[in-house]
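Structure first, then comments.
Rule-based calculations on the coordinates, nothing more; no lab input. Predicted model only: the values in this text are computed from it and were never measured. Using ideal geometry, Cβ is built from the backbone for each residue, glycine included, and neighbour counts are taken over all protein chains shown.
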């Protein structure tokens, strides 16, 4: 991992750690918050590498439509434990639960 990637991931994870209990943020929202508006996919990569840095609430990060990570079965359960409810299509209700 190179230094600039580590710096980006550190910024992304710091922003992710601020997402309140029971709320979610999108990858693009986090990217914009940290000053990299076109790097939403890199936020996803930071989430997948988060174990390298410590424990972060990456389960609170979803795509802009509220879709969960397809290969992470525990994500829905973790969000449900925080009171997050889902639409009939299985996506998070972003109007209700998106962190503003």
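A Förster radius of 30 Å combined with the Cβ-Cβ distance from residue 38 to residue 80 puts the calculated FRET efficiency at roughly 0.40.
Exposure proxy shown here: for 11, 79, 87, the number of other Cβ atoms within 10 Å sets the order, fewest to most, as 87, 11, 79. Binning the C-alpha pair distances of the stretch 3-97 at 5 Å intervals from 0 yields a P(r) profile of 3, 14, 27, 26, 18, 9, 3, 1, 0 %, listed from the shortest bin outward.
Taking 45, 88, 23 in turn, the Gaussian network model of the chain (Cα-Cα springs below 10 Å) assigns the largest fluctuation to 88.
Could you tell me the center-to-center distance, by alpha carbons, between the stretch 19-69 and the stretch 85-100 in angstrom? Here the two parts' Cα centres lie 15 Å apart. Taking 7 Å steps out from each Cα toward its Cβ at residue 72 and residue 87 produces label points 2.0 nm apart.
With R₀ fixed at 22 Å, the C-beta to C-beta distance from residue 95 to residue 18 puts the FRET efficiency at about 0.60.
Ranked by how many other Cβ atoms sit within 10 Å of their own Cβ, fewest first, the residues 39, 77 fall in the order 77, 39.
Ordering 41, 67 from the fewest to the most neighbouring beta carbons within 10 Å gives 41, 67.
If a spin label sat at a point 7 angstrom from the Cα of residue 4 along the line to its beta carbon, the backbone N atoms of the stretch 41-82 nearer than 18 Å would be those of 41-46. Taking every C-alpha pair closer than 8 Å and separated by at least 6 residues, the mean separation divided by the residue count of the chain gives a relative contact order of 31 percent.
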